[in-house]
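The next block holds one structure in the form of C-alpha cells; read it before the comments.
The values are calculated or read from the model by the stated rules, or taken from the named source; none is laboratory data. Quantities reported herein were computed from a predicted structural model and do not represent experimental measurements. Cβ atoms come from the backbone with ideal geometry, glycine included; neighbour counts cover every protein chain shown. Side chains included, ligands, DNA and RNA excluded: accessible areas come from the protein's heavy atoms. Shrake-Rupley method; radii C 1.70, N 1.55, O 1.52, S 1.80 Å.
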Amino acid sequence: MAAPSASESTEQPALRRRKAAEAATRPPTEGRATAEIKEGTEADTPLQHGSYWLTRIVLLRFIALIYFVAFLVAFHQNKQLIGDRGLLPCRLHLENIKQHFGSKIGMDAISHAPTLLWLLDWSHMDTHLDNIALVGLAISTFILVTGCANMVLMSTLWILYHSLVAVGQIWYSFGWESQLLETGFLGIFLCPVWSLSRIPEKTPPSRIVIWAFRWFIFRIMLGAGLIKIRGDRCWRDLTCMNYHYETQPVPNPLAYFMHRNPVLFHQFETLFNHLIELVVPFFMFLGRRMCLIHGVLQILFQVLLILSGNLSFLNWLTIVPSLACFDDASLSFLFSSKEGSVKHQVSKLQAQESAGDGPPKPYGSYVRQLVNVTLGVLLIYLSIPVILNLLNSRQVMNTSFNPLRIVNTYGAFGSITKERTEVIIQGTSSSDPNNPSAVWEEYEFKCKPGNLTRRPCVISPYHYRLDWLMWFAAFQTYEQNEWVIHLAGKLLANDNATTSLIALNPFLGKKPPRWIKGEHFKYKFSQPWGTHASEGKWWIRKRIGPYFPPVNLPGLKKFFQSRSWPVPPTP
C-alpha cells in the first residue's frame with residue numbers, strides 16, 4: 001500500500017477537527033434512533049417459557065366474560081323464575097329450609113343454602129335478585145374491559161353468584177353452575193389482594209393456582225369420558241352421535257345438517273370424543289409441549305361443541321381452565337409489543353429475574369406463598385371424594401361433595417335420548433275444552449322447538465332456563481314437574497312477567513285463554529332438500545297424546561294454595 005503524500009498528511013488533522021465540530025453542533029437524532037431501535041428490539045424479544053403474567057390476564061378476562069353472561073341471564077330471568085311471583089319462589093324455598101332446621105337461621109341452614117339472602121328482607125326479593133345481578137354485571141364488565149382484578153372483586157363475584165345458585169332450585173341445578181363457582185373460586189387466588197395493576201410485580205401468578213386449573217380441566221374431561229363409557233351403551237358401540245344432534249336440549253341450525261352426516265362420520269366423531277376426553281387429558285403431565293397440545297385440542301373441541309349446539313355457557317366455561325396450559329411465551333401473540341405494554345413489562349421482569357437483580361421480596365410475598373400452599377392442600381383434600389367417584393364403577397356426575405362447591409365432579413351426556421319429544425302448550429277461549437270445534441292456539445318458546453317452520457336458534461353462551469327445563473319435562477311427567485302447572489296458571493292470567501320468557505303469546509292484547517293444556521309430540525328433523533324442507537319445515541312431528549289435561553284458574557286455586565303459590569287473578 002502506498003504511503004500518503006505530504007499534502008494529504010497535513011490536511012487530515014484539519015479535516016478531523018472540522019468533522020468533530022460539525023458533530024458537536026448536529027442534533028443527536030442518530031443516537032435517539034439507535035436507542036429507539038434497541039428499545040424496540042427489547043420489546044420484540046420473545047418471552048421466556050414458564051411465566052404466567054399474560055396467562056393470568058387472559059384467564060381473568062375469560063372468567064369475567066362468563067360471569068357477565070351468567071349475571072345477565074339472572075337479571076333477565078330470575079324474577080320470573082324464583083322471584084316473589086316466580087314459578088318457584090326462592091322465598092318459599094328459604095322458608096322450607098328454615099323450617100327443616102328448626103325454624104331458625106343457623107349454621108345448618110346457611111350451610112345447606114349459602115346465600116346472602118339470609119341476611120336480607122325477604123319481602124323485597126325481586127329487588128334483591130336484581131341488585132345481586134346488577135352488581136355482578138358491573139364488576140364483571142370492569143374486569144372484562146380492563147383485564148384488572150383483585151381478590152376483593154373476584155371474591156365478591158363468587159359470593160354473589162353462589163347466593164343465586166343456592167336458591168335457584170331446579171333452574172340452577174346443572175353442572176355448569178358448580179363449574180362456574182369452582183372456576184371463580186380459583187380465579188380469586190390468581191389476583192393480588194388490593195392492587196388493580198394488570199402486572200402486579202409483587203404478586204406473580206402462583207404455579208400452584210395454574211396447576212389447580214390444570215387439575216380442574218383434567219377432572220372435567222376425564223369425568224365426562226368415564227361417565228360415557230360406563231353409561232349409555234351407544235357410546236361403546238359408537239352410535240350415540242347418530243342421535244345427539246337431533247335430541248340435544250336446544251339444537252342450532254348446524255346441528256340440523258350435522259345430524260344427516262354418514263354413519264361412518266358419526267362413528268369417527270364418537271371415537272374422537274373418547275380420545276379427547278379419555279386420552280388427551282394425560283398430555284398435560286408430559287411436559288410443556290404436550291401440555292400446549294392438550295390446551296389447543298381441548299379448546300378446539302369446545303369450539304366444535306359451541307358451533308353444533310346451544311349448551312348454555314358450558315363449553316365457553318370449559319375453555320377457561322384449558323387456558324392454564326399456556327404460558328406467557330405461547331400467548332404473547334395476543335398482546336401488543338409497544339413500549340409500556342403489558343408484554344413489554346413482562347419482558348423486563350423476565351430480564352431482571354434472569355439477571356438476578358430483581359427487587360427483594362417483601363414480607364407479604366411469603367404470606368402469599370403460605371396462602372397458596374394452603375390452597376393446594378385444601379384442593380388435594382377436597383379432591384379425595386372426587387377421585388374415588390372417578391374410580392367408582394357407579395360414578396355419579398355433576399355432584400358437589402362440599403356445600404361451597406369448591407371441588408366438584410362433572411360429566412355430560414352419560415346417556416343419550418334416542419327420540420325427541422316436546423311439550424306443546426296450547427290455550428283456547430272456548431268455554432268447553434272438550435268441544436271438537438274449540439280452537440287451540442300454541443304458545444311459542446324462545447328457543448325450544450315448536451313451530452315446525454321456525455329455524456333452530458343460536459344463543460350460546462346465553463341461556464334460556466325455561467326452554468332448557470321444558471326439554472327435561474318432556475321425558476318426564478307433569479307430576480314430576482309441578483312448575484309446569486304453575487306455568488299454565490300464569491298463562492291463564494296472561495301474566496306479563498311469565499309471558500316475557502316466551503317468544504309468542506297468541507293471546508297477547510286479547511282476553512286470556514279460558515283453558516290451557518299440554519300436548520305431547522315426537523319431533524324429528526326434516527330431511528334437508530326433502531319434501532318437508534321444501535315447504536320451509538325444519539321439523540316434522542307426530543302427536544303422542546296429552547301431557548296434562550285442560551286446566552282453568554278456578555280449578556287450579558286449591559292446587560296453588562296447597563303449595564303457597566300466589567293465585568293469579570281470575571280474568
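Things to note:
- Alpha-carbon Debye profile of the stretch 525-571, log10 I(q)/I(0) at 0.16, 0.22, 0.23 Å⁻¹: -0.62, -0.78, -0.82
- Local net charge near MET258, Cβ-Cβ under 12 Å (Lys/Arg +1, Asp/Glu -1): -1
- Surface share of carbon and sulfur [accessible, 1.4 angstrom probe, percent] for the chain: 62 percent
- Structural descriptor for the chain: relative contact order 17 percent, calculated from alpha carbon pairs under 8 angstrom and at least 6 residues apart.
- Dividing the alpha-carbon radius of gyration of the stretch 418-505 by the rule-of-thumb value 2.2 N^0.38 Å gives 1.15.
- Treating r as the C-beta distance of SER500 and LYS104 and R0 as 45 Å, the FRET efficiency rounds to 0.80.
- Accessible area (Å², per residue) of the chain, counting only protein heavy atoms and a probe of 1.4 Å: 47 Å²
- With R₀ set to 45 Å, the beta-carbon distance separating SER195 from ARG394 gives a calculated FRET efficiency near 0.45.
- Under the span-like rule (Cα at least 24 Å along the axis, Kyte-Doolittle mean at least 0.5), DSSP H helices of the chain: 53-82, 125-146, 207-230, 288-307, 363-391
- Taking only the alpha carbons of the stretch 468-571, we obtain Rg and Dmax values of 16.3, 52 Å in that order.
- By the helix-only formula, in which each DSSP H run with n ≥ 4 contributes -39500 (n - 2.57) and the sum is divided by residues, the chain has a 222 nm mean residue ellipticity of -16500 deg cm²/dmol.
- Along principal axes, Cα extents of the stretch 237-366, largest first, whole Å: 62, 29, 27
- Interchain or long-range residues, amide H under 5 Å from ALA503's placed H: GLU444, PHE445, LYS446
- Close amide-amide hydrogen proximity is noted between ILE544 and HIS520, PHE521, LYS522, each under 5 Å apart and 5 or more residues distant or on a separate chain (H modeled in the peptide plane; Pro and chain starts excluded).
- Each of ILE544 and GLN527 was given a label point 7 Å from its Cα along the Cα-to-Cβ line. The distance between the two points is 2.5 nm.
- Surface/4 of the Cα convex hull for the stretch 317-405, nm²: 9.4 nm²
- Residue pairs, from the table LYS522/LYS558; LYS418/LYS511; LYS490/LYS522; LYS79/LYS557; LYS98/LYS557; LYS228/LYS517, whose Cα atoms sit over 30 Å apart: LYS522/LYS558; LYS418/LYS511; LYS228/LYS517
- Ranked packing of 203-213, 328-338, 69-79, most packed first, by mean Cβ within 10 Å: 69-79, 203-213, 328-338
- Relative to its Kirkwood radius, the Cα radius of gyration of the chain gives an Rg/Rh of 1.12.
- Extension gain (nm, one decimal) between PHE333 and ASP130, 0.36 nm per residue minus Cα-Cα: 69.2 nm
- Scattering curve values for the stretch 55-134, log₁₀ I(q)/I(0), Debye with Cα scatterers, q = 0.22 Å⁻¹: -0.99
- Anisotropy class of the stretch 33-178 from Cα gyration tensor, a/c 1.5 cut: prolate
- Net charge of Cβ neighbours under 9 Å - reference TYR523; Lys, Arg +1; Asp, Glu -1: +2
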